[in-house]
1. Tally Lys and Arg at +1 and Asp and Glu at -1 over the other residues with C-beta under 14 Å from the C-beta of Val13: what net charge comes out?
2. When the convex hull of the C-alpha atoms of the chain is computed, what volume per residue in Å³ does it have?
3. When the chain is fully extended, how far beyond the present Cα-Cα distance does Phe23 get from Val93, taking 0.36 nm per residue of separation?
4. What is the helix-to-structure angle for 108-141, meaning the angle in degrees between its Cα long axis and the longest Cα principal axis of the chain, kept from 0 to 90 and rounded to the nearest 10?
5. What is the packing order of peptides 124-133, 29-38, 108-117, taking the mean over residues of other C-beta atoms within 10 Å and listing the highest first?
6. Run down the lysines and flag those whose C-alpha is under 20 Å from the C-alpha of Lys72, throwing out any fewer than 8 positions away in its chain.
7. Carbon and sulfur atoms: what percent of the 1.4 Å accessible area of the chain do they account for?
8. Taking the C-alpha atoms of the stretch 1-52, how large are the radius of gyration and the largest Cα-Cα span, Dmax, in Å?
Amino acid sequence: MENRKKILMKLFVSTLYLSAFTFGYVIVTLMKKKFVDEYHWIEENEMLDLVAIAQSAPGPIAVNGAIVVGYKLAGMTGVVTAIIGTIIPPFLVISLISVCYNAFRDNFIVSQMLSGMQAGVGAVIASVTYEMGAGIVHGKNA
């Protein structure tokens, strides 16, 4: 029972952290690093399948990814834990932005930062595509 509590706590903290510091598909790379490379909870091929499921379902990739990973690790309790961890950061950020909307709406610096983030997100998506694609290609050649 204690081991299950530890897994749920790690899952919650991990999804909270990943959701707090990522946008869109960037979360796929960090989920792979966290759940496959660091914790060894999921195999790489399994992660590819989970990402495919998350992408095919309607809704944000972060929530869908959290659902499939949470279910794989701890069933419905894992799903609820992962969803809560995933939705807290954007909920807080959107709530804060909505309160300060008028201050952000016409701010030149904020608009430039968001434009710069687009380039970074593109690079991360390209990196994920390369890493996962290279793994598949090398697996087929072996």
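The values are calculated or read from the model by the stated rules, or taken from the named source; none is laboratory data. All values derive from a computational prediction rather than experimental measurement. When we count neighbours, we look across all protein chains shown, and the Cβ atoms used for this are built from the backbone with ideal geometry, even at glycine. Heavy atoms of the whole protein, side chains included, go into the accessibility calculation; ligands, DNA and RNA do not. Shrake-Rupley method; radii C 1.70, N 1.55, O 1.52, S 1.80 Å.
1. So the environment of Val13 carries a net charge of +3.
2. Expressed per residue, the convex hull around the Cα atoms of the chain is 119 Å³.
3. Gain in length upon complete extension: 24.0 nm.
4. The angle comes out at about 10 degrees.
5. Most protected by this proxy first, the peptides run 29-38, 124-133, 108-117.
6. The qualifying lysines are Lys5, Lys6, Lys10, Lys32, Lys33, Lys34.
7. 67
8. Values for the stretch 1-52 (Cα only, Rg and Dmax): 11.4, 34 Å.
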